[in-house]
Amino acid sequence: MEAINLPIKDFQTALLQIDRIKAAEMFKSIYLKAESFEPLEHLIMESLERIGVGWEEGQLSLSQVYMSGVICEELIENHKPKCESSYKKNPKIAIAVLQDHHALGKRIVYSVLKAGGYDLVDFGQGLSVEKIVEKTIEAELDILLISTLMLPSALKVKTVVESLRKNGSSVKIVAGGAPFRLDSSLWQKVNADADGKNGAHVIQIIEKFVEEGR
């Protein structure tokens, strides 16, 4: 099934209406026709990206975005055993929100990565620099995704990177969130390894890291 023929608009509508039954029916129908998880990845990634943009533009509520992510995660988990062979052999990845307690951006990226076949650990939100460093070292991560909402938190990414390097960690740091969208060079200023603009972009970054030997 070509990606262009996927019912993205209808699936997005089902998500926004919190219609689990309709979303599941569409998901199952596509899987049975394609006999592959690949079109489902595209369906979820594109739908969640559009929903995320809708929230950023003030057109959608937080509850709609949150529940859309929940439903997609449920669908992914329900179908993963049937398509396990298509899932990637992952580097060790985790995602966390630094200092801020707003987890919407993290949830969208988390759901998109799960749809893209990546398994990752959710460290949570409202974490201090020290806690993120501790968890990263303990988990021996290859890639750490850091989400922030406010500029002061974004600037703290530099402290995270410095502390990790002092502790001998070579983990790749991908920084994302509103401050990094407003300043396209901010990720470089805080010594991150990449700028995670959105879920789809983060997938491209991870693939690049994997190709480079991560």
Taking K135 as the residue in question, decide whether it is without any contact (Cβ under 8 Å) to a residue 40 or more places away in the chain, surrounded by fewer than 21 Cβ atoms within 10 Å (Cβ to Cβ), in a helix (DSSP H, G or I) and of a type in the set (K, R). no
Here are I146, I206: which of them is outside the structural domain of P39 (by TED's automatic domain parsing), crowded, with 16+ Cβ neighbours inside 10 Å, of a type outside the set (S, T, Y) and modelled with pLDDT under 95? I206
Which of the residues spanning region 183-199 are surrounded by fewer than 18 Cβ atoms within 10 Å (Cβ to Cβ) and in contact (Cβ under 8 Å) with a residue 24 or more places away in the chain? K189, N191
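Could you list all residues from region 1-19 that are at pLDDT 85 or above and either assigned to a helix (DSSP H, G or I) or under 22 Å from Y118 (Cα atoms) (or both)? Walk me through how you get there before you give the answer.
Filtering region 1-19 down to residues at pLDDT 85 or above leaves 7-19.
The answer is I8, K9, D10, F11, Q12, T13, A14, L15, L16.
Please list, ordered by residue number, the helices (runs of 4 or more DSSP H) wholly in region 20-119 having 2 or more residues that are under 14 Å from the mean Cα position of the chain (by Cα) and modelled with pLDDT under 85.
Result: 38-56, 62-79, 104-115.
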Within region 150-164, does at least one residue satisfy the condition of being closer than 20 Å to Q99 by Cβ, surrounded by 21 or more Cβ atoms within 10 Å (Cβ to Cβ) and in contact with a Lys or Arg (Cβ under 7 Å, 6 or more places away or on another chain)? no
Identify the single condition in (1) buried (at least 24 other Cβ atoms within 10 Å of the Cβ); (2) under 30 Å from L43 (Cβ atoms) that K114 does not satisfy, given that it satisfies every other one. (1)
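Check whether at least one residue in region 172-182 is surrounded by fewer than 19 Cβ atoms within 10 Å (Cβ to Cβ), over 19 Å from P91 (Cα atoms), modelled with pLDDT of 95 or more and not small (G, A, S), and report yes or no.
The first filter runs over region 172-182 and keeps only residues surrounded by fewer than 19 Cβ atoms within 10 Å (Cβ to Cβ), leaving 178, 181-182.
Those left that are additionally over 19 Å from P91 (Cα atoms): 178, 181-182.
Then drop every residue that is not modelled with pLDDT of 95 or more, which leaves none.
So far as region 172-182 goes, no, none of its residues is surrounded by fewer than 19 Cβ atoms within 10 Å (Cβ to Cβ), over 19 Å from P91 (Cα atoms), modelled with pLDDT of 95 or more and not small (G, A, S).
The values are calculated or read from the model by the stated rules, or taken from the named source; none is laboratory data. Keep in mind the model is a prediction, meaning the values are calculated, not measured. FYI the Cβ positions are ideal-geometry reconstructions off the backbone, even for glycines, and counts take in every protein chain you see.
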